[in-house]
1. Would you mind telling me which numbered condition in (1) within 22 Å of Tyr215 (Cβ to Cβ); (2) in contact with a Phe, Trp or Tyr (Cβ under 9 Å, 6 or more places away or on another chain) Leu152 fails?
2. So Ser67 fits all but one of (1) farther than 20 Å from Ser244 by Cα; (2) at pLDDT 90 or above; what number is the exception?
3. How about the range 148-238: which helices (runs of 4 or more DSSP H) wholly inside it have at least 2 residues that are hydrophobic (A, V, I, L, M, F, W, C) and either touching a Pro at 6+ places or on another chain (Cβ under 8 Å) or not assigned by TED's automatic domain parsing to the domain that holds Ala75 (or both)?
4. Just wondering, is there one or more residues in the range 145-168 that are hydroxyl-bearing (Ser, Thr, Tyr) and closer than 25 Å to Trp105 by Cα?
5. For Asn242, are the conditions met, namely being part of a helix (DSSP H, G or I) and in the same structural domain as Asp138 (by TED's automatic domain parsing)?
6. Output the residue which, of all residues in the range 1-31 that are part of a helix (DSSP H, G or I) and of a type in the set (Val, Ile, Thr), is surrounded by the most Cβ atoms within 10 Å (Cβ to Cβ).
7. Would you mind stating whether Val88 is at pLDDT 90 or above and either in a helix (DSSP H, G or I) or not assigned by TED's automatic domain parsing to the domain that holds Gly147 (or both)?
8. Of the conditions (1) more than 14 Å from the chain's Cα centre (by Cα); (2) aliphatic (A, V, I, L, M); (3) under 21 Å from Thr103 (Cβ atoms); (4) at pLDDT 95 or above, Val141 fails just one. Which one is it?
Amino acid sequence: MFTFVIRRNWVIKLPESVPGSVSRSFSALIPGFLILFLFGILSWALAVAGSNFHQIIMDSISTPLASMGAIVGWAYVIFTSLLWFFGVHGSLALAALDSGIMTPWALENVAIYTQYGSVEAALQAGKTFHVWAKPMLDSYVFLGGTGATLGLIIAIFIGSRRADHRQIAKLSLPSGIFQINEPILFGLPIIMNPVMFIPFVLIQPILAAITLFAYHLNVIPPITNIAPWTMPTGLGAFFNTNGSLAALALALFNLCVATLFYLPFVTLSNKAQSILQEEETEEEIANALKF
């Protein structure tokens, strides 16, 4: 609607002597007013009918998605890292799956646990817990942030000879411990880095598969609490399961898996730098010979 109005030049025009920033702000008044007016009428009509935009979205989008179960979880696991690789904040882009579906699943788990007092009592009463509750991903998959990059930081400390990568890892470690990984995503970088594409995108499905396997073998209990997503690896799983040591151990095991998975690509990055340095040296020699 905004574009429709602007292209037809239905805007307030000011003299050329007026600064451009001021003129542009006035040009948005008419389309902005029309949009607010029309959608205000639509919102009022929905309210009279006993509904609203949020309810329509829930009924038409969220509820059908929630009925798809594991597909929602797998989509979130796969596409958060894939989007991040291309520079799009995956968790924010897929926030509807998080806040609209997987977080309500976590709240349902908490409500069942609170009602019965234990997982065993709830299961005996015929209750079921959601596997793909959002804290499950925070506990076992997003270890250090999207792409389990805490494993990458550890792998760099173990196997990297690159001074720049080791410096970035040192700077990224404090925030990585608390599940925030923008420093390494942009600093290494991981975004648009072909060497890191495979481990960054594949590690989340691998860790999710390990977690589901452990869950269905009854090694770990379901999510029955919602700890802050910034809880360090291991502690988040411990508190999200109301004190399960097995959950803590699985989170640390997944971190080891992530570290081992990243390690060959850290080595490959070392080789890539060596090749680049050799090419730069050869180019410098060739340029010197020209003179």
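1. (1)
2. Going through (1) farther than 20 Å from Ser244 by Cα; (2) at pLDDT 90 or above one by one, Ser67 breaks only (2).
3. Per the criteria, 163-177.
4. yes
5. So Asn242 fails the test.
6. So the residue we want is Val5.
7. In short, no.
8. Evaluating Val141 over (1) more than 14 Å from the chain's Cα centre (by Cα); (2) aliphatic (A, V, I, L, M); (3) under 21 Å from Thr103 (Cβ atoms); (4) at pLDDT 95 or above leaves (1) as the failure.
The values are calculated or read from the model by the stated rules, or taken from the named source; none is laboratory data. Note that the coordinates shown come from a computational prediction; the quantities given were computed from them, not determined experimentally. No Cβ is skipped: glycine too gets one built from the backbone with ideal geometry, and neighbour counts run over all protein chains shown.
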